[in-house]
Structures are given as C-alpha cells and as structure tokens.
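J.: One structure follows; several queries about it will come next.
The values are calculated or read from the model by the stated rules, or taken from the named source; none is laboratory data. Here the structure is a predicted model, which is why all the values come from computation and not from measurement. With ideal geometry, Cβ positions are generated from the backbone for all residues, glycine too; neighbour counts draw on all protein chains shown. These area figures cover heavy atoms from the full protein model, side chains too; ligands, DNA and RNA do not enter into them. Shrake-Rupley method; radii C 1.70, N 1.55, O 1.52, S 1.80 Å.
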Amino acid sequence: MSLQCGIIGIANTGKTTLFNCMSNVKAETSNFAFTSNKSNIGVIHVPDPRLYVLEKFQPTEKVVPATVEIVDIPGLTKGANQGEGVGNKFLADIRNTDALIHVLRCFDDINLPHIDGSVDPVRDIENIDFELQVKDLESVDKKLQRLDKIARVGDKDAKHGVEVLGKVKACLESFGNVRDLKLETNEKKYIDDLFLLTVKPVMFVCNVDDASAVNGNAYVDKVKEHLKERNAEILVIAARMEEEISDFDNEEDQMAFLADAGLQEPGVNRMVRQAYSMLNLLSFFTVGPKEIRAWTIHKGMTAPQAAGAIHSDLERGFIRAEVIKYNDFITLGSEHACKEKGKLMVEGKNYVVGDGDILHIRFNV
Ligand SMILES: Nc1nc2c(ncn2[C@@H]2O[C@H](COP(=O)(O)OP(=O)(O)OP(=O)(O)O)[C@@H](O)[C@H]2O)c(=O)[nH]1
Ligand SMILES: [Mg+2]
C-alpha cells in the first residue's frame, strides 16, 4: 500500500514549488498562471529516523523507507468546474488520492500578481472548496437520479440510498464539505463508490515568505481564525526557501541552512508526519542483512493484513508472525538476544500490528 496525496490550490500559490521540495522528480514552476498543462506525479520517502537506528544493530545492504505518492495538479480557479482556466480537467487526477494538501498563498510578492487581484487565503479556501463541492454535486446528482428510478419500483435499499444522498446533496448545496457530515457506516456505503473530493481529509499548508517560516504572519492568523471551528490541520511552510535548501546535495549544508532560518527539520517532514496521523497510518519494519524496510498500514490492521502490504502471497499463505517490538530490539541489540530474553513473540492471525513492530512473516503458498 502506498499512500497517495493530492496537492490542490489556486493557481500560482506555490503547489509545484512545494512538490519540488519533497519529490525526487523536479517539475517546472513559473510566474504565469496556467503554464502547466499536466499533473506532476512524484514519490517521496517517509522520513523515519528509527530506520537508521535499526541499521546500527543490524548491518544491511540497503535501507528502504516507506513512500508517499504525491500528485501536483495545475492551479484551480474560480469557475474551474465550468471550464475556466485549466484546472477543472485535473480534478479527476485527485479522485483516487487518500488525502489532500491545500496550498494557500500567504506571501506578498509584487512581481507575482494573484489571479484574483489580491492576496487573500480565506477567499481562496472558499473558492477552492466551492469548486470541489460543485464537482461532488455532479457525482451525487448522477447517482441520485439512477437510484431514484430503482427506488420508485419499490427497492428498499435504493430508497435508503436516495435518503442518504439527499442529505449529502443538501450539505453540498449549502456550501458544506461532506467530510463534516456525520454519516453512519451503513450510510457511507452509498457514497464510497463516488470518491467524493470533499470527503477526503485535508491539510492546509500556508506558503509563507522566508521571514515568516517560524512564526507565520497576518495571513496565517486569518487562515487559523477562519478554520478554527473545522479543527483542521494547518502547517506553515516557506516553500520557496525549502526548495532552495533541498537543492543542496549535502545533508549537513541543508541542516545548517534550516537552522539559520530557525527550523529544526524540513517542513516536508512535518507534513508527512501530519498526513500519517491524519490518516491513522503507522509503520512496521522488516529487518535483515539484505534490507531494512518500513511499510505503511492502517492502524488496527492484523498481522495477515500487514503481511499483505508486503506481498499478497504472504497474506494468502500466512501461518504466523514473529514480532519484536522496536524498543526491545534496540535495547537488547539483536534478534538472538530478544529470543533469549523472551522478547520475540509468536503471533497468530488476530494479532493487531503496532507502530514500530519488527515482523517476520512465516507463510506457505
Ligand atoms: N515570493 C515568493 N514566491 C514564491 C513562493 N513560493 C512560490 N513562489 C513563486 O510563485 C511562482 C508560482 O509557483 P508555482 O509553484 O509554480 O505555483 P503553482 O501553485 O504550482 O502554480 P500553477 O501550477 O500555475 O497553479 C513561482 O515563480 C515561485 O517561485 C514564496 O514562498 N515566496
Ligand atoms: Mg504548478
């Protein structure tokens, strides 16, 4: 399982700049709105210092971090849903993502006019939300019409579906986001197949000038005030500065520049961590002389499901999992020592995997 995040926002807010400071591929940024005509897709590594601690105890040929896939779509504008700008056709590119990163312009730059005439991140949030809501409304309406026909001939399930979709429609029509609508599990099933955009968890990234990287600025305050009832995740990142920093090949130089700016780590690291907690994800490890590797799963997944994240054969033929807790491993120093001290547990298919578990899957296919 690889987590996928979509970057959204008004044109020229710094989406591609943010993408470039985290991705292994570099995309073109420019001052002209709508220059890009395709989405950028990149893969980033999930920063996890535990991997390198494990390597101290278990020398290995390679260390493989978990990855997140990032989709950077060209800017949206007001009216994108009716074909304004170029953004609308790219909304489809984020249908399948697990979460959204909404980039807000929170910096002044007279050389870079905002396409709506002024810098106003709160207006931008409303405009983008509206575009997504309109798109969702289209999907809901289509399904509603279909279900309505079936419900008319007396189908109970379709009737229930019509009720639920009616609620969802009303929410969207009053400029609400479906994620804020409290739906029961048996109600959610009617919208699951629609992959609605306003259901996806969202994180707001306030893109600020270098000087505001640590404490934010007045624009950020406005965003916080506007979002305070939504209990939304808000991060402050100086994307252009971080892009420059990420261009240094050498990690020491990078850290020195970050420290100069008053930061302990790249904003991207904070962002990935935030995305993990927002999506209830955790990492488990496989550790051996060939590779030490981190894998991503949902909290609450069982050992066979975790095995399935490695390979479907491992899930199908799952026999048992040998589990060592990360802390035991680094305290005792080896698998052998853990075994001797009774810290290697043999677990069956109901075992719920914990964050940092070191797993060895026994299987037979
Ligand atoms: N002054 C300043 N400029 C920035 C900052 N972040 C990005 N820019 C500039 O803003 C311009 C647009 O940045 P992009 O990253 O291409 O913006 P985008 O949101 O991807 O734009 P579209 O793809 O056209 O929607 C570029 O010239 C960037 O260098 C920032 O923090 N401060
Ligand atoms: Mg872009």
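J.: Give the cysteines in the chain for which no other Cys Cβ lies under 4.7 Å away, or write none if there are none.
T.: Unpaired cysteines in the chain: Cys5, Cys21, Cys171, Cys338.
J.: Another question about this same structure. Which ³J(HN,Hα) values, rounded to whole Hz and listed in residue order, are derived for the stretch 92-106 from phi using the Karplus coefficients 6.51, -1.76 and 1.60 in 6.51 cos²θ - 1.76 cosθ + 1.60 with θ = phi - 60°, glycine and proline given as x?
T.: Whole-Hz 3J(HN,Hα) from phi for the stretch 92-106: 4, 5, 9, 3, 9, 6, 8, 8, 10, 10, 9, 8, 10, 6, 10.
J.: While we're looking at this one, here's another question. Suppose we flag GluC sites (Glu not before Pro) only when DSSP calls them loop and at most 12 other Cβ atoms lie within 10 Å. Which is the longest uninterrupted stretch of the chain?
T.: Here the longest run is 185-365.
J.: While we're looking at this one, here's another question. Around Ala66, what is the net charge, scoring Lys/Arg as +1 and Asp/Glu as -1 over all other residues with Cβ under 9 Å from its Cβ?
T.: Every neighbour counted, the sum reads 0.
J.: Something else: Provide the solvent-accessible area of Asp247, counting protein heavy atoms only and rolling a 1.4 Å probe, rounded to the nearest 10 Å².
T.: 90
J.: Enumerate the calculated ³J(HN,Hα) couplings along the stretch 336-348 in order (Karplus 6.51 cos²θ - 1.76 cosθ + 1.60, θ = phi - 60°), each rounded to whole Hz, writing x wherever the residue is Gly or Pro.
T.: Values, residue by residue: 4, 4, 4, 4, 4, 8, x, 9, 9, 9, 9, 10, x Hz.
J.: Can you bin the stretch 205-300 into rounded, prolate or oblate? Criterion: square roots of the alpha carbon gyration tensor eigenvalues sorted a ≥ b ≥ c, rounded for a/c under 1.5, prolate for a/b above b/c, oblate for the rest.
T.: oblate
J.: Shape of the chain from its Cα gyration tensor (a ≥ b ≥ c, root eigenvalues): rounded if a/c is under 1.5, otherwise prolate when a/b > b/c, or oblate?
T.: oblate
J.: Around Phe318, which amide H atoms from residues at least 5 apart in sequence, or from another chain, sit under 5 Å from its own amide H, with H modelled in the peptide plane?
T.: Distant-sequence amide H within range of Phe318: Asn364.
J.: For the chain, what is the mean residue ellipticity at 222 nm derived from helices alone (per DSSP H run of n ≥ 4: -39500 (n - 2.57); sum divided by total residues; nearest 500 deg cm²/dmol)?
T.: -11500 deg cm²/dmol
J.: Same structure, new question: At 1.4 Å probe radius, can you tell me the per residue accessible area of the chain in Å²?
T.: With all protein chains present, the chain gives 50 Å² per residue.
J.: Also, I was wondering about something else. If DNA, RNA and ligands are ignored and the probe is 1.4 Å, what is the ranking of Lys15, Lys159 by accessible area, most exposed first?
T.: Lys159, Lys15
J.: If I require 18 Å or longer along the helix axis, counting alpha carbons, and a Kyte-Doolittle average no lower than -0.5, what helices from the chain are left? Use full DSSP H segments.
T.: Once both thresholds are applied, what remains is 156-173.
J.: How far apart, in nm, are two points set 7 Å out from the Cα along the Cα-to-Cβ line at Thr286 and at Val214?
T.: Simple spin-label model gives 4.4 nm for this pair.
J.: 5 Å is the cut-off here: which amide hydrogens, built 1.01 Å from N in the peptide plane, fall below it relative to Ala11, excluding neighbours closer than 5 in sequence?
T.: Excluding prolines and chain starts, which carry no amide H, the hits are Leu76.
J.: Let me ask another. Name the residues whose placed amide hydrogens come within less than 5 Å of the amide hydrogen of Val205, ignoring near sequence neighbours (fewer than 5 apart) on the same chain.
T.: His102, Val103, Leu104, Leu235
J.: Would you work out what percent of the accessible area of the chain, with all protein chains in place, is carbon or sulfur (probe 1.4 Å)?
T.: Roughly 49 percent, rounded to a whole number.
J.: Mind running the shape call on the stretch 200-247? Use the C-alpha gyration tensor, a ≥ b ≥ c as the square roots of the eigenvalues: rounded below 1.5 for a/c, prolate if a/b tops b/c, oblate otherwise.
T.: oblate
J.: Here's a follow-up. So how far, in whole Å, is the C-alpha centre of the stretch 103-160 from the one of the stretch 293-365?
T.: 42
J.: I need the calculated FRET efficiency for the pair Ile319 and Gln264, taking r as the beta carbon distance and R₀ as 45 Å, to the nearest 0.05.
T.: 0.55
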